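S.K.: Pasting a structure here, questions to come.
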Amino acid sequence: MKSAARTRSLPGLLAALVLAVLTTLWPAAPSASAATSVSTIAEALRESPVYVDPAASGQLPSEAAAALTRQIEDADKPLFVAVLPAGYPTQDLFRNLRTATGVTGLYAIRLGDRFDARADSAVLSRSAVRNLVTSVQGEQDTTTQLNDFTGRALANLGGTAPASWGSSPDDGGVPTAALITVGAVLVAGGAGGYALVRRNRRRHAEEQRAALEKLRVVVDEDITAFGEELDRLDFHPAEQGADDAMRADYERALDAYEEAKRLMAEVRRPEEVRAVTQALEDGRFSLAQLAARREGRPLPERRVPCFFDPRHGPSVTDATWTPPSGTPREVPVCAADATRLADGRDPVMREVDTDAGRRPYWDAGPAYGPWAGGYFGGGILPGLLVGTVLGSMMATPAYATDYGTGYGDFGTDAYGGYEGGDISGANFDSDDFSGGFGGGDFGGGGDFGGGGGGDFGGGF
């Protein structure tokens, strides 16, 4: 009987042994409730700009993820994209991911069928992030949404990619091989290639001259309007009640007027116009300060000009505005245009000449990018122009070559510099990664869960 019992138990023992071995050697399938840790995601993002969670692999095909990675790396911008499953925990997600990654940049997350983003204000303003997110919020297809967001964000984002993205040893020979290949092609092209280059250069030069002539008309109008403001001011440094602060404001305004005229006389390329409109913006703010001092009002805060027409002077508030066939966005407005919008009327818009007649500057040609960039700086301009003709043009790779760079960063504007892509660790402003975007994002308040702190923003 004992022998029979041992015989009957042998298959069971063998089965148990095999199961034990397989359990030891075979990697355990991840539990549906076990989410990838933030540290794991952060580690992956330090090595590559795009992370797709294994549980969300069906959302973004590997080919699309690879193409997105190449696009971000080629742009050399600090954009981090994560695709996570719908059930991923959202409590303090953006802040924790930013802390764990430790790199200044723009962080975008697709979670299930929902999408949101946050950024260090050093590389992109909160209003620009909000407008960029809103512009793709209705797109359900993950690949389309991430491609659209990435294309627009890269055109606007400041800073540079982290050095760790290029640290892989497998990448060592690629640049050299590429340069050798390009050199061989150029040599093989010979005289034909040289002729083509010369022809393209001539065409490019002609296009630049035509763009500059259009800009001259608009900038000369701006300079003239500012000169007329100075005349209407009727301020005399020796007048009764004038003090040193008033005289300093007036002197700065005069200096800005002369500087704008001098710079415009020296402009040879469209991108150089940006310095001219920067000078005019400085001068108008000085006039606003002078007016407040003379009238005994509190000094105005430093704000960018009215979006609808910089000749209206510094903005006083932000208002929601929706361009034709576009998405709502907040724009800086003067007091008069704020009243018009509140009353349901159209603002007074700056129009320029085009082949199709007079059009608002944001629906005109690409040459007006440098003009607008001088007034609004890099940090706010991208968010204002999302979905407009000018904004779409500025998002193309060729735009920077033709009209200059810096429209999506703080690199040359008057409000500070940026340190995008640097390793800052936990030393960042958590307010940049907190707060909801308002209606429409993640079902209310800009969060994933609709409240209770379990979201991207509301729990920070």
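S.K.: From the list ARG358, ARG293, pick out the single residue that is out of contact with any strand residue (DSSP E or B) (no Cβ under 6 Å at 6 or more places or on another chain) and of a type in the set (Lys, Arg).
M.R.: Sole residue among the options that is out of contact with any strand residue (DSSP E or B) (no Cβ under 6 Å at 6 or more places or on another chain) and of a type in the set (Lys, Arg): ARG293.
S.K.: Tell me which residues, restricted to the stretch 59-83, are closer than 19 Å to THR104 by Cα and of a type in the set (Lys, Arg).
M.R.: The one that is closer than 19 Å to THR104 by Cα and of a type in the set (Lys, Arg): LYS77.
S.K.: Additional query: Any residue at all in the stretch 317-333 that's in a helix (DSSP H, G or I) and touching a Phe, Trp or Tyr at 6+ places or on another chain (Cβ under 6 Å)?
M.R.: Checking the stretch 317-333: not a single residue is in a helix (DSSP H, G or I) and touching a Phe, Trp or Tyr at 6+ places or on another chain (Cβ under 6 Å).
S.K.: Restricting the first residue to the stretch 199-210 and requiring it to be within 15 Å of ARG268 (Cβ to Cβ), which pairs with a second residue that is among the acidic types (Asp, Glu) meet a Cβ separation below 8 Å and a spacing of at least six or different chains?
M.R.: HIS204/ASP402; GLU207/ASP402; GLN208/ASP402
S.K.: A further question follows. Would you confirm whether or not the stretch 202-221 contains a residue that is buried (at least 16 other Cβ atoms within 10 Å of the Cβ) and farther than 22 Å from GLY365 by Cβ?
M.R.: There is no residue in the stretch 202-221 that is buried (at least 16 other Cβ atoms within 10 Å of the Cβ) and farther than 22 Å from GLY365 by Cβ.
S.K.: For the stretch 1-118, give me every one of the helices (runs of 4 or more DSSP H) that falls completely inside it and has 1 or more residues that are in contact with a strand residue (DSSP E or B) (Cβ under 9 Å, 6 or more places away or on another chain) and at pLDDT 90 or above.
M.R.: 38-47, 62-75, 93-101
S.K.: Answer yes or no as to whether SER125 is modelled with pLDDT under 85, open to solvent by 10 Å² or more (accessible area, probe 1.4 Å) and within 18 Å of GLY391 (Cα to Cα).
M.R.: Yes; evaluated as a whole, the condition is true for this residue.
S.K.: Next up: Kindly provide the set of residues from the stretch 37-57 that are exposed (fewer than 13 other Cβ atoms within 10 Å of the Cβ) and among the aliphatic types (A, V, I, L, M), ordered by number.
M.R.: Matches in the stretch 37-57: none.
S.K.: Continuing with this model, one more query. Name the pairs: first residue in the stretch 320-337 and without any contact (Cβ under 8 Å) to a residue 24 or more places away in the chain, second residue among the charged types (D, E, K, R), Cβ to Cβ under 8 Å, at least 6 apart or on different chains?
M.R.: Partner pairs satisfying both residue conditions: THR320/ARG329; THR320/GLU330; THR322/ARG329.
S.K.: Return yes when ALA372 is in a helix (DSSP H, G or I) and surrounded by fewer than 23 Cβ atoms within 10 Å (Cβ to Cβ) and no when it is not. Walk me through how you get there before you give the answer.
M.R.: Values: in a helix (DSSP H, G or I): yes; surrounded by fewer than 23 Cβ atoms within 10 Å (Cβ to Cβ): no.
Answer is no for this residue.
S.K.: Yes or no: VAL219 assigned to a helix (DSSP H, G or I) and modelled with pLDDT of 90 or more?
M.R.: Criteria met by VAL219.
S.K.: Which ones in the stretch 82-93 are at negative phi and crowded, with 19+ Cβ neighbours inside 10 Å?
M.R.: Answer for the stretch 82-93, where residues must be at negative phi and crowded, with 19+ Cβ neighbours inside 10 Å: ALA82, VAL83, LEU84, TYR88, THR90, LEU93.
S.K.: While we're on this one: Which one of the conditions (1) open to solvent by less than 70 Å² (accessible area, probe 1.4 Å); (2) out of contact with any Cys (no Cβ under 6 Å at 6 or more places or on another chain); (3) over 16 Å from THR224 (Cα atoms); (4) among the polar types (S, T, N, Q) does SER325 fail to meet, given that it meets all the rest?
M.R.: That leaves (1) as the condition not met.
S.K.: Could you list all residues from the stretch 348-359 that are under 17 Å from PRO310 (Cβ atoms), touching a residue at least 24 places away in the same chain (Cβ under 8 Å) and open to solvent by 10 Å² or more (accessible area, probe 1.4 Å)?
M.R.: VAL348, MET349
S.K.: Only one of these is surrounded by 16 or more Cβ atoms within 10 Å (Cβ to Cβ) and closer than 15 Å to PRO162 by Cα: LEU79, LEU60, LEU68. Name it.
M.R.: Details: LEU60 fails: closer than 15 Å to PRO162 by Cα; LEU68 fails: closer than 15 Å to PRO162 by Cα.
Only one candidate qualifies: LEU79.
S.K.: Let me ask you something else. Restricting to the stretch 146-158, what's the tally of residues that are touching a strand residue (DSSP E or B) at 6+ places or on another chain (Cβ under 7 Å) and surrounded by fewer than 19 Cβ atoms within 10 Å (Cβ to Cβ)?
M.R.: 0
S.K.: While we're here: Looking at the stretch 222-248 only, could you name the residues that are in a helix (DSSP H, G or I) and open to solvent by 100 Å² or more (accessible area, probe 1.4 Å)?
M.R.: If the condition is that a residue be in a helix (DSSP H, G or I) and open to solvent by 100 Å² or more (accessible area, probe 1.4 Å), then ASP231, ARG232, ASP244 are the ones that fit.
S.K.: Looking at this structure, is ARG303 surrounded by fewer than 20 Cβ atoms within 10 Å (Cβ to Cβ) and either in contact with a Lys or Arg (Cβ under 8 Å, 6 or more places away or on another chain) or not small (Gly, Ala, Ser) (or both)?
M.R.: yes
The values are calculated or read from the model by the stated rules, or taken from the named source; none is laboratory data. Owing to the predicted nature of the structure, the values given are computational and were not obtained by experimental measurement. Using ideal geometry, Cβ is built from the backbone for each residue, glycine included, and neighbour counts are taken over all protein chains shown. Just so you know, the surface numbers come from the protein's heavy atoms only, side chains and all, with ligands and any DNA or RNA stripped out. Shrake-Rupley method; radii C 1.70, N 1.55, O 1.52, S 1.80 Å.
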